[in-house]
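Note sheet for the following structure.
A short reminder: the numbers here are calculations on the coordinates, not readings from a lab. Quantities reported herein were computed from a predicted structural model and do not represent experimental measurements. All Cβ positions, glycine included, derive from the backbone under ideal geometry; neighbour counts span all protein chains shown.
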Amino acid sequence: MRAVETRPSSRRRAAPAPRPPAPPRPGARARRWRPLAPYALLLPSLLVLAAILGFPMYRLVSLSFQQYGLRELFAGKGTFIGLDNYREVVTDPFFWTVVVRTVLFAAVCVGLTMVLGTLVALLLRNLARPMRVAVTAGLVAAWAMPTLTAISIWQWMFDFEFGVVNWLLTKLGADGFQQHNWFDQPLQGFSVIVLVVVWGALPFVAITLHAGLTQVPAELEEAARVDGAGAWQVFRHITFPVMKPIFLILATLSTIWDFKVFTQIWVLLNQRPSRDYFLLGIWSYSESFGVTRYGKGAAIAVIMVILLLVVTSFYVRQMLRAVGP
Amino acid sequence: MTRRQLARAGYNAAAALVLLVTLFPIYWMVATGFKRGVDILSFEPRWLPVPGTLENYRSAIAKPYFLQDVRNSILVVLATVLISLILAFLAALAAARFNFRGRAALIVMLIVVQMVPLEALIIPIYLMLDGAGQTDRLAGIIVTYLTFVLPFAIWTLRGFIVNIPEELEEAAMVDGCTRAGAFWRILFPLVAPGLVATSVFSFILVWNDYLIAYVLLRSPEKQTLGIWLASFTTNHGTEWGGVMAASTLFAIPAVVFFLLVQRRVVSGLTAGAVKG
C-alpha cells in the first residue's frame, strides 16, 4: 500500500510534499506528474477557446480601429485609422435613434417577460392540481419550440390576408384590420416582434419562478396575511425579497438575450428589414455583411458589447450584494 | 357564489387564457400543416384540419435540398456535441476534482465568456474563416459552434461532477485503483446521465442557431435545416401549408430532446439559489 493513497480524504488536495530522491518504485513517475494533471486536462479546451473565442475577441477590437472593406478583404489586411470608425458612428444621428430603440426594445421585452412570468408563476401556485399540470404542460410545449418555428407560426398568424389575428380583431369589431399589414408601421411591427420574443421567453421565466416559489416558507406569508397584509404587500415584503436572487438571475439572462435580438426581426421581415427596424445587432450586421464595411460594423458591435456590460453590471452588482460578502 | 369560489373561477379563467396563448399557436401550426390549400386560404378560419391531407408534408420534403440539409444538420450537430463533450469532460474534471493555481480565474472566465454576444463576434469569426478558406464549409461552422457550446458544456458538466461524492473514487483508490482508473470506472458511469443531459442541451443550442449558419453557409447544398426553413418562409411566402409542415418537421427533434431534460434546467437554476 502506498502512502499517497491512504492519505485521509480531502476535497482540496495539497501538492505532494517534496521528498528525498528514493529508489525508483512503481508509481513514482505518476506521482511526479500529478500536479500537472489538471493543466493537462484543461489544455485541449483552453487551446480551442483561445483560438476560437479569445482571438476573435481581440480581432473584433482591432478591426474596429481599421479601415476594412472589400479591398482589404481580398488583400487580407486592414489599414489602421484610429478612432475614425467610432467617430463616424457616434456623430451619425441615426446611431442615437438605434441606441434608444435597442434599449427601449430590450426594456419592454424584459419588463413584459418578468411581469407576466411572475403573474403566471403566482397563478400556477393558486391553481388546483389538474389545471396546474395542464398550464405547466402548455408552457413547456411553448418553451420547447425552436425560435425559427415560433417565428414562422406567428408570421402565419399575423399574415395580412388569411392570418387568424386579423380575422379575430375584425370579428371583435376593430376597424381596419382586413388585409392589414402589421409591418407597414414600425410601432405595430415591433409589437409583433415583442410578442414573438416574449412568447418564447415567458415559459422559462414562469416555470423557474414557480419552482422558486416552492422554496418560500409558507409560514412567513401566512403570518403576514394574519397580520392583515394584502396580496400585493405579501408579495412586495415577503415573497419578492426571498426570491430576489432568482429574479436577478432571470432578469440578467433576459436582458442579455433581448439586447441582442437578431433572428426574430431578420426572419419576420423576410431577411431585409428597413432601417426603421434596425437595432444595434442588425445595424452591425448590415454594415458588415450588407455593405462590406467590416471595420464600422465591428465598431458598432464593440459599442453594443460595452452597452450590454454597462446594463448587466447593474444586475451583477445587485447579485453580489444579495449573495453577501 | 362565495368570495372563495369567485377567486377560484378567476384563477381558472386566467389559466384558460394562458393555455390558449401558449397552445393555440402550436395547434394552429400542426393543423395548418394538415389542411388542404383551399381551407388554408379561406377568410373564415377552418378550425379543424378536416378533410386532412399529407400534401403539405410531401411538398416540403420534396423541396430542393431538404434531405441534403437534414444530413448537414445532423452532421454538424453530432460533430459539435461530440467534440465539445470530450473536451468539456476533461476540463470539467479538472475544474471539479483538482485544486490548482488559476482555478478561480478559470471559473470566472467560464461565466464571463458566456455573456459575450456571439452576434458581435460573428464579424471577426467570418473574416478568420474566410482567410482560412473555411466559409461555406461544415468544418468552419462546427468550429464556430464550439465557441458557445464548449464553455456552456464545461460549466454544466462541472456542476454534475461536483455533485458526485468524491469519497467513492477515494474508496476505489484505497482498494488499489489508480486515479485515472477511479475516474474511468467510478466517476464516468455515475456522471453518464449528466453527459446525456449536457449533450441534449448542446444539441438544442446548435439546432436553434440561425445567425451563424446564415452568415457562414452560402450555397444551398451546404446549409443547415434552420436556414432551409427560414428561406422557405421567404421564398414561398404564401404557401403556408408547406411552411407549417416544414416548421413542424423542424420542431420535432428539438421538442423530443427538450422534453427529456426540461426538468433539469429548472432544478439546476433554482437549487440553492434561494437559500444561498
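For the reader, a short list of remarks on this structure follows.
- Other protein chain Cβ atoms within 10 Å, averaged over every residue that makes up A:135-143: 6
- Order of A:TYR285, A:TYR68 - criterion: other Cβ atoms within 10 Å of each residue's Cβ, fewest first: A:TYR285, A:TYR68
- Shielding score for B:202-215, defined as the mean number of other chain Cβ atoms within 10 Å: 3
- Footprinting exposure proxy ranking of A:MET131, B:MET115, fewest other C-beta atoms within 10 angstrom first, gives B:MET115, A:MET131.
- Build a GNM of chain A with springs between Cα atoms under 10 Å apart, and of A:PRO273, A:PRO38, A:PRO56 the one that fluctuates most is A:PRO38.
- Average beta-carbon neighbours from other chains, 10 Å sphere, peptide B:41-48: 3
- Over chain A: helical MRE at 222 nm, DSSP H runs n ≥ 4 each giving -39500 (n - 2.57), nearest 500: -21000 deg cm²/dmol
- Here region A:160-233 and region A:246-325 have alpha carbon centers that stand 23 Å from each other.
- Counting only alpha carbon atoms, the long axis of helix B:66-97 and the longest principal axis of chain B meet at about 30°.
- Highest-fluctuation residue, A:GLU222, A:GLU287, A:GLU161 considered, GNM on chain A with Cα pairs under 10 Å: A:GLU222
- Between helix B:225-235 and chain B there is an angle of about 30 degrees, using the helix long axis and the longest principal axis of the Cα atoms.
- For chain B: rounded, prolate or oblate by the Cα gyration tensor [a/c cutoff 1.5]: oblate
- When chain A is described by a simple charge dipole with +1 on each Lys and Arg Cβ and -1 on each Asp and Glu Cβ, the residue from A:THR214, A:SER286, A:ILE265 located farthest towards its positive end is A:THR214.
- Cα centroid separation - region A:124-142 against region B:114-150, whole Å: 40
- When only the Cβ of Lys, Arg, Asp and Glu is charged (+1, +1, -1, -1), the dipole of region A:175-325 relative to its Cα centre reaches about 620 debye.
- Test item: Cα-centred dipole of region B:58-270, Lys/Arg +1 and Asp/Glu -1 on Cβ, debye: 60
- Taking region B:199-230 and a reference point 7 angstrom along Cα→Cβ of B:SER59, the backbone N atoms nearer than 20 Å belong to B:228-230.
- Stokes-Einstein D for region A:37-82, Kirkwood Rh over Cα pairs, 20 °C, 1.002 mPa s (µm²/s): 173
- Cut-off of 10 Å, at most 13 other beta carbons, DSSP loop: longest stretch of chain B lacking such chymotrypsin sites (Phe, Trp or Tyr not before Pro): B:48-276
- Normalised Debye scattering of region B:3-53 at q = 0.15 Å⁻¹ gives log10 I(q)/I(0) of -0.54, counting only Cα atoms as equal scatterers and leaving out solvent.
- The translational diffusion coefficient of the protein assembly as shown, from Stokes-Einstein at 10 °C and 1.306 mPa s with a Kirkwood hydrodynamic radius over alpha carbon pairs, comes to 59 µm²/s.
- Spin-label model distance (nm) - B:LEU259 vs A:GLN185, 7 Å beyond Cα toward Cβ: 4.1
- Choice from A:ILE282, A:ILE265, A:ILE246 with maximal GNM fluctuation in chain A (Cα, 10 Å cutoff): A:ILE246
- Computed FRET value (nearest 0.05) for B:THR2 with B:TYR27, which takes r as the C-beta separation and R₀ as 30 Å: 0.30
- Paramagnetic label zone (point 7 Å from Cα along Cα-to-C-beta, A:ALA107; backbone N under 15 Å) in region A:293-318: A:308, A:311-312
- Taking the average, over residues, of other Cβ atoms within 10 Å as the packing measure, peptides A:238-245, A:105-112, A:78-85, B:101-108 rank A:105-112, A:238-245, A:78-85, B:101-108 from highest down.
- Computed [θ] at 222 nm, deg cm²/dmol, chain B (DSSP H ≥ 4; -39,500 (n - 2.57); rounded to nearest 500): -24500 deg cm²/dmol
- Charge dipole magnitude, Cβ of K and R +1, D and E -1 - the protein assembly as shown, Cα centre, debye nearest 20: 2360
- Lys/Arg +1, Asp/Glu -1 at C-beta; the protein assembly as shown dipole; positive extreme among B:ILE227, A:GLY295, B:THR147: B:THR147
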